[in-house]
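Data first, discussion second: the structure below is written as structure tokens.
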Amino acid sequence: MSQIEIRYEKARQREFCLLEAQGSLETDGTGGLRGQQKFAEIERLDNGQILMRIGVHRAQGSLVKLKKPLAVLKKRVADDGSISYDIEAVVKEKFLFKLRPDVVL
């Protein structure tokens, strides 16, 4: 049986959040969403609602805690070929958009 080392440094943690929406996200670019720095603006309103704008589309949603947190891992391969993983972030929440977006002109 082999063992895999998993490292966790709380000081290096970043905040991640899942995005759950109905449908799919598409772009006009040839590379899709991969490599884009920004594809939407997400704003938290005073009433706790979340507002996401993608181009001329606007969707309202909410922030929901996950039942079980998820770890975002980064693989490391040492010079000797051994493999270890660093925990980059722990995801505890998700933005949930249940309804289809509205078109804003």
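The values are calculated or read from the model by the stated rules, or taken from the named source; none is laboratory data. As the structure is a prediction and not an experimental result, all values here were calculated from the model. Cβ coordinates were reconstructed from backbone atoms using ideal geometry, including for glycine residues, and neighbour counts include every protein chain displayed. Areas reflect the complete protein model, heavy atoms only, side chains present, ligands, DNA and RNA absent. Shrake-Rupley method; radii C 1.70, N 1.55, O 1.52, S 1.80 Å.
Here are the numbers for the structure shown:
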{"item": "Conditions (1) modelled with pLDDT of 75 or more; (2) of a type in the set (A, V, I, L, M, F, W, C); (3) exposed (fewer than 11 other Cβ atoms within 10 Å of the Cβ): number failed by LEU19", "result": "(3)"}
{"item": "Test set (1) part of a strand (DSSP E or B); (2) exposed (fewer than 13 other Cβ atoms within 10 Å of the Cβ); (3) in contact (Cβ under 8 Å) with a residue 60 or more places away in the chain - ARG100 fails condition number", "result": "(1)"}
{"item": "Pairs with Cβ under 8 Å, 6+ apart, first in the stretch 63-74 and part of a strand (DSSP E or B), second open to solvent by 90 Å² or more (accessible area, probe 1.4 Å) and not polar (S, T, N, Q)", "result": "LEU63/ARG44; LYS65/LYS92; LEU66/LYS92; PRO69/LYS92; LEU73/ILE6"}
{"item": "Pick from the stretch 77-97, criterion without any contact (Cβ under 8 Å) to a residue 60 or more places away in the chain and either part of a strand (DSSP E or B) or in contact with a helix residue (DSSP H, G or I) (Cβ under 6 Å, 6 or more places away or on another chain) (or both), ranking: least open to solvent (accessible area, probe 1.4 Å)", "result": "VAL77"}
{"item": "Of the criteria (1) in contact with a Pro (Cβ under 9 Å, 6 or more places away or on another chain); (2) at pLDDT 90 or above; (3) not basic (Lys, Arg), which one HIS57 fails", "result": "(2)"}
{"item": "Residue selected from the stretch 34-76 under the condition among the basic types (Lys, Arg) and surrounded by 10 or more Cβ atoms within 10 Å (Cβ to Cβ), by the criterion farthest from the chain's Cα centre (by Cα)", "result": "ARG76"}
